Amino acid sequence: MLIKRCPGCRSFNVRHSSFYGASDAALFGALSPYRCNDCHTFFRLVSSEFKVGVAVILSVVVSSVVVMLLFGGSGVVSAGSRQLLSISKT
């Protein structure tokens, strides 16, 4: 778990805040807004949901690359392979 700390006064006394305006709405999901209860500084931290989403996407990409490397990757048959296949069938 991430320990939330104010970047202004370094206090741990912070709370989840609300979004402000269209710019925050566009970042909804990636960044979570927080406010310090001591110095009232508004700041954003990367949300845990976003981190989980990125981790899932990266694991799928890495798994796909590993599978492609292990099992030959593309299913495209080249012209040379087709010629070899037609010779072996005759």
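The values are calculated or read from the model by the stated rules, or taken from the named source; none is laboratory data. Please read these numbers as outputs of a predicted model, since none were measured by experiment. Here the Cβ positions follow ideal geometry from the backbone for every residue, glycine too, while neighbour counts run over all protein chains shown.
Miscellaneous remarks
- Number of positions in the stretch 42-55 that are under 15 Å from CYS9 (Cα atoms) and exposed (fewer than 15 other Cβ atoms within 10 Å of the Cβ): 1
- Flag if ALA30 is surrounded by 10 or more Cβ atoms within 10 Å (Cβ to Cβ) and at pLDDT below 85: yes
- Considering the conditions (1) at pLDDT 85 or above; (2) in contact with an Asp or Glu (Cβ under 7 Å, 6 or more places away or on another chain), ASN37 is excluded by exactly one of them, (2).
- Exclusive hit being over 20 Å from the mean Cα position of the chain (by Cα) and at pLDDT below 90, set VAL46, VAL77: VAL77
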